[in-house]
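The next block holds one structure in the form of structure tokens; read it before the comments.
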Amino acid sequence: MDRIDVQPLTAASADRLDRLFRLYNTRLLGFAATRTRDAAAAEDVTSETWLRAALALGQLKADDAHAYGWLRSIAVRAAIDYYRPRRANERPEDWTDAMASRALPTAPPADTDALVYEGLTECQAAVWRLKAQGLSDRRIARRLGRSETAVWKRKHAGARRLRAYALAG
């Protein structure tokens, strides 16, 4: 891990940071709450925002009354970093690692419903296999390293294909 050299705040910088905190902390916390939709995560993001603001306070050129935009941009980056996977091994390289925990049989199953997955794309089948295990969209997204929106889209595209298969069959 890289070592970050932290300079102690001067008295003037500490006073300015205190003023900014008093002016904008409630507003930043509200903004973070709308971004994260979780009170604890919003507090974490807001805390990280103030830490980053303290480190970059020398870069702030605006006066205190106009500093919210600068603080908000720091909060956006802090929120993105909060949800970014921490390690490279948390990001799957492809969708194949989302297969069911047990291997599928090589012989055709007795019932034809299991053959439905053959009509889905690999991504859609992975989502539907995890959905069949009872996982929520959020947990599937975390497991696959995708957004909830991507999982939702693949789930619904797969549902359209499954409906078409059921109507044709």
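The values are calculated or read from the model by the stated rules, or taken from the named source; none is laboratory data. Not measured: the values here are computed from a predicted model. Calculation scope for accessible area: heavy atoms of the full protein, side chains included, ligands and nucleic acids excluded. Shrake-Rupley method; radii C 1.70, N 1.55, O 1.52, S 1.80 Å.
Here's how it looks for Thr121: its modeled amide H is under 5 Å from none belonging to a residue 5 or more places away or on a different chain.
Applying the Karplus relation 6.51 cos²θ - 1.76 cosθ + 1.60 with θ = phi - 60° to the range 18-35 yields 3J(HN,Hα) values of 5, 4, 4, 4, 5, 6, 10, 4, 5, 5, 5, 5, x, 4, 5, 5, 6, 6 Hz, where x marks Gly and Pro. Taking all protein chains as shown and a probe of 1.4 angstrom, Glu148 keeps an accessible surface of around 80 Å².
Here the Karplus curve 6.51 cos²θ - 1.76 cosθ + 1.60, taken at θ = phi - 60°, turns the phi angles of the range 61-66 into couplings of 9, 6, 6, 4, 5, 10 Hz, with x standing for Gly and Pro. Couplings 3J(HN,Hα) for the range 146-159, derived from phi with the Karplus relation 6.51 cos²θ - 1.76 cosθ + 1.60 (θ = phi - 60°), are 10, 7, 4, 5, 5, 5, 4, 5, 5, 5, 6, 5, x, 5 Hz, where x marks Gly and Pro.
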